[in-house]
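For reference, the structure is listed below as structure tokens.
The values are calculated or read from the model by the stated rules, or taken from the named source; none is laboratory data. All values derive from a computational prediction rather than experimental measurement. Reconstructed Cβ throughout: ideal geometry from the backbone, glycine too, with neighbour counts over all protein chains shown.
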Amino acid sequence: MLAYRFDVFASIVFQCIVMFATSFFWKALYSNSDTVMGVGVQEMLTYTIISALMSIFLTTKVEDRVIESVRQGSVAMDMMKPINLFGIYFAEDLGYLTSLLFQNAIPIIVIGSLFITIPRPASWYHFLAFLGSFLMSFFINWFLSAIFAMWAFSILNMNPLVQAKRHIIRLLSGSIVPIWFFPSWLAKILNCLPFVYIYQLPLDLYIGKGTPASMLPRLAIQFAWLMILAAAFAILQKRVLRKVMVQGG
């Protein structure tokens, strides 16, 4: 991944453009106000940088891998090997994220700190709570992607759906615009869905919008969603793989 220099630099430039454009938006919004919804401009700039950083580590390739394996017909041969198929996909995603650490994450945090603001957490215990919440959000995001990828066994062309799914999650998870800016009725609905527990909750903890103690109910809901999606993934994986074995690929 790091061997193709143009892809590396193009990816960094694209991420920086999005990050700077978002920071300019928040600076303009806060030009006549010190705080909006109880959050100051420095917290929102920190929110922007950490959101960009999270989006890097929440990148998954399991959908692309499954789609390609089904399209080529190699998935049936892979299933005959003594391996955990989705375990392999998960390991590949971890390797991909390792490359993104050097390709995107480090440059983004350095550039953001130099030209926007140093993204300091609200406190050390907010940071520790953020790490725990982010770990759960990583697995929630991966399980959602893996579950969605299983549609490739039934749908011929999944690529448009995958792109739509990724953009919908970014929009409804608080990655681009925090959920507290949404209408209250819509925010209540979104708080019942798993998307806000991918970005919004970890980001709220990082910038200190609420104490970790006050966030315990939301952390409990996040953990509940993790367990629900893990169980759904385990059930669907067995059904899909059994179907492929019966039909012969």
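For region 85-137, filtering for residues that are farther than 29 Å from PRO212 by Cβ and in a loop (DSSP other than H, G, I, E, B) leaves 0.
Quick grid of which residues meet (1) of a type in the set (S, T, N, Q); (2) part of a helix (DSSP H, G or I); (3) free of Cβ contacts under 8 Å to residues at least 12 places away in the same chain; (4) touching a helix residue (DSSP H, G or I) at 6+ places or on another chain (Cβ under 7 Å):
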residue	(1), (2), (3), (4)
PHE9	no, yes, yes, no
SER23	yes, yes, no, yes
ASN32	yes, no, yes, no
ALA52	no, yes, no, yes
ASP78	no, yes, yes, yes
ILE83	no, no, yes, no
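Of all residues being surrounded by 20 or more Cβ atoms within 10 Å (Cβ to Cβ) and touching a Pro at 6+ places or on another chain (Cβ under 6 Å) in region 88-140, which is nearest to ASP204 (Cα to Cα)? Just the residue, please. In this case the residue turns out to be PHE130. Within region 174-185, identify whether any single residue is aliphatic (A, V, I, L, M) and under 27 Å from PHE86 (Cα atoms), and answer yes or no. Checked against the condition, which is being aliphatic (A, V, I, L, M) and under 27 Å from PHE86 (Cα atoms), region 174-185 yields no hits at all. Scanning region 54-76 for residues that are small (Gly, Ala, Ser) and either free of Cβ contacts under 8 Å to residues at least 60 places away in the same chain or surrounded by 18 or more Cβ atoms within 10 Å (Cβ to Cβ) (or both) yields a total of 3. Just one residue in the set LEU114, LEU94, LEU131 is over 18 Å from SER55 (Cα atoms) and without any contact (Cβ under 8 Å) to a residue 24 or more places away in the chain; that residue is LEU114.
Filter region 134-151 down to residues that are among the small types (Gly, Ala, Ser) and modelled with pLDDT of 95 or more, then give me how many there are. Talk me through it step by step, then tell me what you get.
So in region 134-151, the residues among the small types (Gly, Ala, Ser) come out as 137, 145-146, 149.
Now narrow it down to the ones that are modelled with pLDDT of 95 or more: 137.
Total satisfying the criteria: 1.
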